[in-house]
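Report on one structure; see the data block that follows.
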Amino acid sequence: MSGWASCRRPPDPAEPRAARTPPAHGPGEEETVRTAPADAAPTGVEAPARPNGLLRTRPQPRLAAATALAVPEQAVDRDGTPRDRVPWSRTEARPLLDELVTVPGVASVTVDRSFYAQAFSDDGEPVEDEGALEAGHGWSSARLAPYSLVTGRAPAAAHEIVVDRALGVATGTALTVNITAGRGEFRVVGTVNGPGYYFTDDFAARQEPGVGAIAIIADKGASADDITAKARSVVGDRGTVVSGDGRSALQPAYVEHRRFLGTQLIGAMAALALFTTVFVVASMLVLTTGLRRREIGLLRTIGAAPHQIRRMILGEAGLIGLLGSLTGCLAGVGAAPPLRDILQRLGVTPPELELRTAMWPLLTATAIGVGVSVLGALAAGRTAVRVAPIEALSDNGANSRTMSRPRWIGGLTALGLGALLTVATAAVRADTRVNTAILATMALIVAAALLAPVCVGPVGRALTAPFERLGSATPLLVRAELRADSRRAASLAAPVIAAVGFAVLLSGMGETMRVAYPASEALRLTGQVIVTPDGTPGNTDEVVAANPVGRAALPTRAFVRDKHGTLTVIDALGSRDPRWNRPGRAVLGRKTADFLGVKAGDEHTVRFADGATVKLRIGQVLPDDPARGDFVLPRQLVRAHDPAALTDDIFVPAASRPDSVVPGTAVHDAVRHALDDYATDAGLTDTLTTMLLSIAVGYSGIAMANSMAMTAHSRRRDLAVMKSAGGTVRQLLLLSAAETSLTVTVGAALGLLVPLAPLAGMASGLSQATSTEVGPHLNPLTIAAVILGSLVLATTSSVIVTWRTVRREDRPAVR
């Protein structure tokens, strides 16, 4: 899936395993908890929190009593980015527990464990729980949470469980709970006032034998900083110790997923807003400078030097930027709660998101606002210093030169960059294709705005030619105005180019992906039915046993050394396919084999989620095939070393379609599966498109209205002359509306053309990625709405200001 912007990101096995399912454990409570020889009761001494933005990374509430966490070292992914933590084995964790409990100020240490657990209701349906993948814990982990027993006692046998009282299950009753093995009946022996399912430590250790975190609980009054420092010296190079917000290293997958989506969304909004701001401010200031040519010429006549003119332009821009930024900060503080509510409804924020007003984001925003204004004023400053003193005697503010050399250079450079990025859009990886298409469109929008004066004259003549036969002077005046100052018309068209261009691109990307992905998925799965989780995060072994025919991949994360000796984490799949399911052997794709520097017949060491190290023989090296996997292992081997892993969708030949389904699953044909699989993406994509369009089009619309109003007001002398020559108010308003409509038409035409090439490049890349013929698709309703809205907004602004100007000019005559 392409990253709209990677807007879609299902629980990714590329995330740190500690972040997905914090493992733990040796068998038995004596290996799980070590208590220091001290009488003081443990308390949750917490290191000071560190603010780091809107989507602040916070520890899980259930870790509130943990002063610090000892976690293993991190492996890197194929790109060299730190990813999963490499779980300790039981034998590696035991000495760490013994050593950490002797640190002064430590009351006790415990191995934290999390694994899949989900209750089923009386009607056989899974209880909705987005955190089910990490909801199961050993009872010792309850000591880390601010939860307490409300009723009953701690679990003492494998079939006993303590649950959240919010489930409404009474102590002493039986409860069906789904775990990796499948549904099982447990006796509720207690309830707590917080989420989670708490089993015995022995049971939890069997669910996830690797040790991914050791929690350190401090004595009352002990210093968290001192304990953390001493614990780090104990752990040494075997891992690291985190405290405060660093304890979010054990963040659940769904929280990380939400934070990723929220960060992507806010980042996209910020990037688009920043580009639109710079682009619009620059075009507005260039327009303003052009309208003030006589004023600047007069300043030059009385001795103002070029550097003084430039300083004046930049100073005005900086002051306006400061005032606008302060106003924007106030508006932003007020808009933060509604934005949070919108993001929460989209499901792209971590739970318990808190909004805090801090000075550094406001100061940063103000600095960016002033910087953007000054940056946008640079082009206007260059234009201003070239104004000659003789311009003070000019009757109008028009610039006789259609295109200056810097404008040609800038326009052609932006055009070339946009062309390169357009070509790259079809060739880059799926997760960067959308961003590349957006960057290409940005470059082409800049090129279109800079080169627009070349197009204005010919387009104006072509559009006004049919109206000349009507005998009206309006077409002639409109044509003359465009010819006299095509650069001003280009500046007026710039916001329209940006608004329409982004509307075509953003809506087109959504439509193109909406067609590409379901079609590709349905084609790939033709002739199969899919057994997919329904209300659960994955398929259990019970579901796999009920569907003995078909591909049932069991994903895990394996730790290997690449050909350079770097410890790397890769995706591995356990397969029951007889071709790959051979004891002690692994089947690799060619790229993976090259990455590891191995060939068929070689032996390679693999470390699994339980901390065990196994030497495997490379059975085959085959061409890469996503359906098979890049690192395929026997299913029994993966299950033995990763008891917590859940199976992906099961792909069954249509002839072997199951007659019944295990509760918590559903059976879909290829088309239904493809549509359902993309349904979540489509909803999120549509919302994201709407939000980004609101930013790009909304801000461009404001700039459009301002620029049209400024231009209409600056032409009051021209209007007075035409009025004195016999022009009526109606004719002047018609002239203003005609000029504005023509300018919007030129901008809309360029805005329509600009994103077509990047959109086609994106469609070409999708065709290659999905092995399906995909062409660019547009959203005519969205595009038409933006063009019509731009036309109405610009025309209304121009006509209103023209009418007020004409009325104002009439007042002295009336007196």
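Annotations
- With respect to the stated conditions, Phe608 fails to be among the aromatic types (Phe, Trp, Tyr), out of contact with any helix residue (DSSP H, G or I) (no Cβ under 9 Å at 6 or more places or on another chain) and either free of Cβ contacts under 8 Å to residues at least 12 places away in the same chain or outside the structural domain of Ser114 (by TED's automatic domain parsing) (or both).
- When Ile309, Ile302, Ile296 are checked against the criterion of being of a type outside the set (Ser, Thr, Tyr) and over 25 Å from Pro453 (Cβ atoms), Ile302 stands alone in meeting it.
- Residue in the stretch 117-126 that is modelled with pLDDT of 95 or more, assigned to a loop (DSSP other than H, G, I, E, B) and either among the hydroxyl-bearing types (Ser, Thr, Tyr) or surrounded by fewer than 23 Cβ atoms within 10 Å (Cβ to Cβ) (or both) present: no
- Test for Pro663: is it under 17 Å from Ala552 (Cβ atoms) and out of contact with any Leu (no Cβ under 7 Å at 6 or more places or on another chain): no
- Residues of the stretch 293-324 that are touching a Ser or Thr at 6+ places or on another chain (Cβ under 8 Å), farther than 23 Å from Val278 by Cα and not hydrophobic (A, V, I, L, M, F, W, C): Arg294, Gly297.
- Checked against (1) under 33 Å from the mean Cα position of the chain (by Cα); (2) aliphatic (A, V, I, L, M); (3) within 30 Å of Thr568 (Cβ to Cβ), Leu100 meets all criteria but (1).
- Some residue of the stretch 294-302 being at pLDDT 75 or above and out of contact with any helix residue (DSSP H, G or I) (no Cβ under 7 Å at 6 or more places or on another chain): yes
- Counting the residues of the stretch 788-805 that are in contact (Cβ under 8 Å) with a residue 12 or more places away in the chain, of a type in the set (A, V, I, L, M, F, W, C) and within 16 Å of Thr743 (Cα to Cα) gives 4.
- Any pair with Cβ under 9 angstrom, 6 or more apart, that starts in the stretch 445-462 at a residue that is surrounded by fewer than 24 Cβ atoms within 10 Å (Cβ to Cβ) and at pLDDT 75 or above and ends at one that is among the polar types (S, T, N, Q) and not in a helix (DSSP H, G or I): Val454/Thr402
- Looking across the stretch 245-293 at every residue that is at pLDDT below 70 and charged (D, E, K, R), the one that is nearest to Gln60 (Cα to Cα) is identified as Glu256.
- Scope the stretch 177-223; condition assigned to a loop (DSSP other than H, G, I, E, B) and more than 30 Å from Asp123 (Cα to Cα); matching residues: Pro209, Gly210, Gly212, Ala213, Lys220, Gly221, Ala222, Ser223
- Within the stretch 101-113, not a single residue is assigned to a helix (DSSP H, G or I) and hydroxyl-bearing (Ser, Thr, Tyr).
Yes/no per residue for (1) buried (at least 21 other Cβ atoms within 10 Å of the Cβ); (2) within 22 Å of Asp98 (Cα to Cα); (3) in contact with a helix residue (DSSP H, G or I) (Cβ under 7 Å, 6 or more places away or on another chain):
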residue: Arg187; (1), (2), (3): no, no, no
residue: Gly190; (1), (2), (3): yes, no, no
residue: Pro195; (1), (2), (3): no, no, no
residue: Val211; (1), (2), (3): yes, yes, yes
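- Residues located in the stretch 385-423, provided they are among the β-branched types (Val, Ile, Thr), in contact with a helix residue (DSSP H, G or I) (Cβ under 7 Å, 6 or more places away or on another chain) and at pLDDT 80 or above: Thr422, Val423
- Single match in Leu732, Leu753 (criterion: at pLDDT 80 or above and surrounded by 20 or more Cβ atoms within 10 Å (Cβ to Cβ)): Leu732
- Summed over the stretch 612-670, residues that are free of Cβ contacts under 8 Å to residues at least 24 places away in the same chain and of a type in the set (A, V, I, L, M) total 2.
- If you check Val697, Val721, Val662 for being touching a Lys or Arg at 6+ places or on another chain (Cβ under 9 Å) and either at pLDDT 80 or above or assigned to a helix (DSSP H, G or I) (or both), only one passes: Val662.
The values are calculated or read from the model by the stated rules, or taken from the named source; none is laboratory data. This is a predicted model, so every value here is computed, not measured. All Cβ positions, even for glycine, are placed from backbone atoms using ideal geometry, and neighbour counts span all protein chains on display.
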